[in-house]
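Throughout, read-outs are computed from the coordinates displayed, never taken from laboratory work. Model, not experiment: these values are computed from the prediction. Positions of Cβ are backbone-derived with ideal geometry, glycine not excepted, and every protein chain shown enters the neighbour counts.
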Amino acid sequence: MPTSPTRLFAAMVTSPLLLASCGGGGSGPTAPEPLALTLTTASIMVDGQPVQPGGSFAAGAGSSTRFEARLADQHGQPAGRFDVRLRHERPGPMVGSGVFILYDDRTHGDSIFGDGVYTFEDTAGIAGFHRADAPPGRYHYDFYGIHRDGRETNHILVTVDVTD
C-alpha cells in the first residue's frame with residue numbers, strides 16, 4: 001500500500017436533455033412514445049462517504065465504490081420496467097471501459113426493493129477507484145436509464161480525477 005494519499009476530485013455535470021427515440025413511420029402503432037421518466041440523481045461513494053468536489057481519500061483506504069442513481073416518473077414516483085446502466089471509462093496504461101447494470105432489487109448493494117434507487121456496490125474494483133492499485137487519472141461515469149425497448153432517459157455524467 002502506498003503511503004502517499006490519493007486525492008479525489010469529483011465534478012458532476014447534469015444534462016437535462018431527455019433522449020427519446022422516435023419512430024420514422026409517423027404516429028402509427030410502431031412509433032414509440034416519449035419517455036416520461038428522468039434520472040434525477042447519480043452519486044458515487046467510497047465506503048459510504050460521498051465523493052464531492054474537493055473531497056479526498058487515501059489510496060487503498062476504501063473497500064468498495066458504490067454507484068447509485070434514482071429513476072422517477074413525472075410525478076416523482078419510482079420507475080418500473082427500466083434498467084439503470086453505467087458506462088464507465090478508467091484511465092491508465094490499460095484503459096478500461098464498459099457498461100454495467102445498477103439494481104433496484106436488494107442485490108448488488110441495493111437496500112430497498114422497488115424504491116427507484118438503483119445501486120451497484122463495486123468491491124472488486126471493476127469500475128471503481130477505491131483500491132490501492134487504482135491508476136491515477138480521470139474516471140468518467142455516465143449514468144442513464146434504459147427501457148427494455150432500447151429508449152434511453154437523460155444521462156448524468158460524473159467525472160472523478162484521481163491524483164497522487
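Numbers below:
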{"read-out": "Under 5 Å, built H, 5+ apart or other chain: amide partners of Tyr103", "value": "Thr119, Phe120"}
{"read-out": "Added length on full extension, which subtracts the Cα-Cα distance from 0.36 nm per residue, Gln77 to Phe100", "value": "5.9 nm"}
{"read-out": "Relative compactness, the range 82-164, computed as alpha-carbon Rg over 2.2 N^0.38 Å", "value": "1.16"}
{"read-out": "Karplus-derived HN-Hα couplings along the range 149-159 (A = 6.51, B = -1.76, C = 1.60, θ = phi - 60°), whole Hz, x at Gly and Pro", "value": "8, x, 5, 10, 7, 5, 10, 10, 9, 10, 10"}
{"read-out": "Ranked packing of 147-157, 119-129, most packed first, by mean Cβ within 10 Å", "value": "119-129, 147-157"}
